[in-house]
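Reviewing the structure listed below.
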Amino acid sequence: MLRSNICVDCGRRIRPRYTRCYNCEMRRRRSGWHDPEHLSGQAKRDAELGRSKFYVYLLDTDYGHYVGHTANVRARVKAHTDNKVKSTAGGDPKLLWKSSPFSTREDAAGFEAALKSLRDQSSERFQEITGHEPMPLKPVPASGSGCGLTGILIIAAIVATLLTILGIF
Ligand SMILES: [Zn+2]
């Protein structure tokens, strides 16, 4: 599928294969809407590997509920618990639920996006489907709580600058 490299929401130029610019994508996600991920080249690889069953799965993590899709639930969950997946690393991920199989990755990715949207809209439908109350996913804290430290350093620098300007030093 060929897409123009213009953000569909604001019209800014964006990189090929993307639908929205970063700002518009984040705004859309904050309001609880997810699009299926781009699957360029995956269908061919799936066919080569003889894959014909794809699952959507739900993990409980310290950051909230993670929703993903995979052709191999066991291997994918192991990758999560081994902290090899960035968005759940260090969050003690545990499998809560998996879907019935889909016969194409595209269908699984479509359902994954819908389930993420229901989660982030805190929809009752999420619980009807998975049996779990939706918990929106927070971003993984920056490594080594660098965010807090950076903030303190910035404030310290501003205070020092002000004191210097005021001629206290
Ligand atoms: Zn945009």
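For the listed peptides 55-62, 12-19, 87-94, a ranking on the average number of other beta carbons within 10 Å per residue, highest first, reads 55-62, 87-94, 12-19. Extension gain, Glu48-Val140: 0.36 nm per intervening residue step, less the Cα-Cα distance, totals 29.7 nm. Between Thr104 and Thr164, the contour length at 0.36 nm per residue exceeds the alpha carbon distance by 15.2 nm.
Taken together, the values in this text are just the output of simple stated rules run on the coordinates, not laboratory data. Keep in mind that what you see is a predicted model, and the values were worked out from it rather than measured. Counting neighbours? That spans all protein chains shown, and the Cβs are built from the backbone with ideal geometry, glycine included.
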